[in-house]
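To start, the structure itself, in structure tokens.
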Protein chains: 2
Amino acid sequence: MNKKFFEELKEKIMPFFDKSGSHAFDHSERVCNLSLKIAEGEDVDLDVLRAAALLHDIARRKQGKGEVVCHAEDGSEMAKTILMETKFPKDKIEKVCHAITVHRYSKGLKAESKEAEILQDADRLDALGAITIARIFDYGGRMDRIIYDPKIKPTGYHHNKESNTSFNHFYEKILEIKPETFNTKKAQEIAKERYDYVKGYVERFLKEWNGEL
Amino acid sequence: MNKKFFEELKEKIMPFFDKSGSHAFDHSERVCNLSLKIAEGEDVDLDVLRAAALLHDIARRKQGKGEVVCHAEDGSEMAKTILMETKFPKDKIEKVCHAITVHRYSKGLKAESKEAEILQDADRLDALGAITIARIFDYGGRMDRIIYDPKIKPTGYHHNKESNTSFNHFYEKILEIKPETFNTKKAQEIAKERYDYVKGYVERFLKEWNGEL
């Protein structure tokens, strides 16, 4: 499928996403770019990969509102309906759906195609790096969460403001995204570089807080 | 004045500050630490410096609520009242008040003492670095501002969500804090290192956004 097709697909699905926040459509665009980067030189179906990347979080807002339990499962169904209305090859739709269904690495579902492996990797890569730092504090602000308090120790990630600080999210989730756990070699390399950057940010933040820098 | 005095002063003034957000009390504590760091080896009155640093934003919340026009002017008055109720040396209070009155560098008021120069520097230093990055996105989230949109160009800083993106704040304000404009040599050095870090963050953010990293 050509560029025009995917531009039109974007227009079509945009209304399903939040306008701002950590899961606005820009996340899907970055995941799509990262997917294509990882796929370089690999034998994968780029139509499937692009469609899956753009659509993988289509039900995320519904999950946020409590309308569905798992945005991957429901998103897979939604993606099918949406793609059926387009000129996307019918025989490729199931591959797109599989990649979306298993994209949540934390759920432990197995990616049974190269495209699904790459989507998992790209989605996790977008949780590492400079933009992640922005997303964490942006989200914390929206939740009226405090930025950091040395007296509050990391525990586990909770979606309520009393539970913890924005900064602790680095320990609770981000720094647990170990580069060696990515599916593909290429993603492992990108992850390593991004992981080190985030780790450096965390260390620097603490030094500044303690007046050491 | 000993450590105990300043611990008690902190307890006394804490209720005047927001519990979270970019001007919660932790900002004042960092400004105090930075002030002491800049003052190392300088001939300054540390009592004056510490008191001024801890109290410099005491009227910030009132300004935020629209109760006063300038938190530096009103804060100076409040600081005087508060210190008069303590054992802080009466003959040093005016020096504290001067430093607070002129602490806002952007207002262009002249710092007429070393302590006032250092406070200006320390306050501006806390607007550069890893913690600043956190504060910018935290504030943006609170304002329901979007993180970044390449179509929206930097204009000027406005306190409403429609005006701009969190990311543009780096261009509109942070990267305008030039290291050579700091009063003291020591602060210039610290500023240079922090400025470069923030600049690197901004460049990296864009590279990630554009799929180049």
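The values are calculated or read from the model by the stated rules, or taken from the named source; none is laboratory data. What you are looking at is a predicted structure, and each value in this text was computed from that prediction instead of being measured. Ideal geometry is used to build each Cβ from the backbone, glycine not excepted, and the neighbour counts take in all protein chains shown.
General remarks:
- All positions within the stretch A:130-150 that are within 13 Å of A:Val31 (Cα to Cα) and not polar (S, T, N, Q): A:Ile131
- Scope the stretch A:140-183; condition among the β-branched types (Val, Ile, Thr), modelled with pLDDT under 90 and crowded, with 19+ Cβ neighbours inside 10 Å; matching residues: A:Ile146
- For first residues located in the stretch A:1-29 and of a type in the set (D, E, K, R), partners that are at pLDDT 90 or above and lie 6+ apart or on another chain with Cβ distances below 6 Å form the pairs A:Asp18/A:Arg61.
- Those helices (runs of 4 or more DSSP H) lying entirely in the stretch B:121-213 with at least 2 residues aromatic (Phe, Trp, Tyr) and touching a residue at least 40 places away in the same chain (Cβ under 8 Å): B:185-209
- Here B:Thr81 meets each of (1) touching a helix residue (DSSP H, G or I) at 6+ places or on another chain (Cβ under 6 Å); (2) among the polar types (S, T, N, Q); (3) at pLDDT 95 or above with one exception, condition (1).
- Residue match in the stretch A:16-26 (condition: at pLDDT 95 or above and under 26 Å from A:Ala130 (Cβ atoms)): no
- The condition of being closer than 27 Å to B:Lys90 by Cβ and polar (S, T, N, Q) holds for only one of B:Ser28, B:Ser20, that being B:Ser28.
- From the list A:Ile147, A:Ile152, the lone residue that is in contact with a strand residue (DSSP E or B) (Cβ under 9 Å, 6 or more places away or on another chain) and in the same structural domain as A:Lys186 (by TED's automatic domain parsing) is A:Ile147.
- Every residue from the stretch B:184-213 that is of a type in the set (Asp, Glu) and surrounded by fewer than 19 Cβ atoms within 10 Å (Cβ to Cβ): B:Glu189, B:Glu193, B:Asp196, B:Glu203, B:Glu212
- Filtered residues of the stretch A:20-74 (kept if buried (at least 18 other Cβ atoms within 10 Å of the Cβ), more than 21 Å from B:Asn210 (Cα to Cα) and aliphatic (A, V, I, L, M)): A:Val44, A:Val48, A:Ile58, A:Ala59, A:Val68, A:Ala72
- Exactly one residue among A:Phe25, A:Phe6 is assigned by TED's automatic domain parsing to the domain that holds A:Ile93 and under 18 Å from the mean Cα position of the chain (by Cα), and that residue is A:Phe25.
- Filtered residues of the stretch B:39-61 (kept if part of a loop (DSSP other than H, G, I, E, B), of a type outside the set (A, V, I, L, M) and more than 17 Å from the chain's Cα centre (by Cα)): B:Glu40, B:Gly41, B:Glu42, B:Asp43, B:Asp45
- One residue from B:Glu115, B:Glu73 being part of a helix (DSSP H, G or I), touching a residue at least 24 places away in the same chain (Cβ under 8 Å) and touching an Asp or Glu at 6+ places or on another chain (Cβ under 9 Å): B:Glu115
- Verdict on A:Phe137 being buried (at least 23 other Cβ atoms within 10 Å of the Cβ), aromatic (Phe, Trp, Tyr) and within 20 Å of B:Ala127 (Cα to Cα): yes
- Residue check for A:Thr165: among the hydroxyl-bearing types (Ser, Thr, Tyr), within 14 Å of chain B (Cβ to nearest Cβ), under 23 Å from B:Thr132 (Cα atoms) and under 17 Å from the mean Cα position of the chain (by Cα): no
- Residue that is nearest to A:Asp123 (Cα to Cα), among those in the stretch A:47-70 that are free of Cβ contacts under 8 Å to residues at least 12 places away in the same chain and in contact with a helix residue (DSSP H, G or I) (Cβ under 6 Å, 6 or more places away or on another chain): A:Gln63
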